[in-house]
Amino acid sequence: MSNDPEVLLDNGKQNDSKMKEERREGEPTSAFKGASWAALLVGVAAYLIGLFNATMQLNEKGYYFAVLIFGLYAAVSLQKAVRDKDEGIPVTSIYYGISWVALIVSISLMVIGLYNAESIVLSEKGFYGMSFVLSLFAAITVQKNIRDAQRARERD
């Protein structure tokens, strides 16, 4: 039997250049990474399309846009702070606390804004709320996936 790499077959696979790259230990699957990015893009796009088509005044649209951006940043920042603390990476108490406060404030601003919005029908309020929550959750998941993939690469 030949030991030539071009001749050897591994369970029907032709050679290393055509083989699928194996996933590193601890790295999220491509399907999970893709689903996380898709959820983030769908959530943000739906929110922004709804905002663009809304009949509210421009200052109201600006408010809801700013709340979305603030919420996304706060969610990613909190995820990073929590993960750093869990992994023994130093995180100041003030940064950790501000991250929590920022996320709570952004969610509160969304809830208060939607509750007090008289020009938005109840179904639209639900739409904005759900796309906002989907976007925040997806942003956290995307950040986690990026960090897990980076950590898996560092182990090699």
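Derivation of every value follows stated rules applied to the coordinates shown; laboratory data play no part. As the structure is a computational prediction, the values presented were derived from the model and not from experiment. Backbone-built Cβ (ideal geometry, glycine too); neighbour counts: all protein chains shown.
Observations, loosely collected:
- Cβ charges +1 (Lys, Arg) and -1 (Asp, Glu), total dipole of the chain, debye: 340
- Here is how the number arises for the chain: DSSP H runs of 4 or more residues each give -39500 (n - 2.57), the sum is divided by the residue count, and the result at 222 nm is -25500 deg cm²/dmol.
- Stokes-Einstein diffusion for the chain at 20 °C, viscosity 1.002 mPa s, with a Kirkwood radius from C-alpha pairs, works out to 116 µm²/s.
- Peptides 126-135, 32-41 ranked from most to least packed by the mean count of surrounding Cβ atoms within 10 Å: 126-135, 32-41.
- Under the membrane-span-like helix rule (DSSP H runs whose alpha carbons stretch at least 15 Å along the helix axis, mean Kyte-Doolittle hydropathy 0.0 or higher), the chain yields 30-53, 58-86, 93-116.
- Ordering 110-117, 140-147 by mean Cβ neighbour count within 10 Å, with the highest value first, yields 140-147, 110-117.
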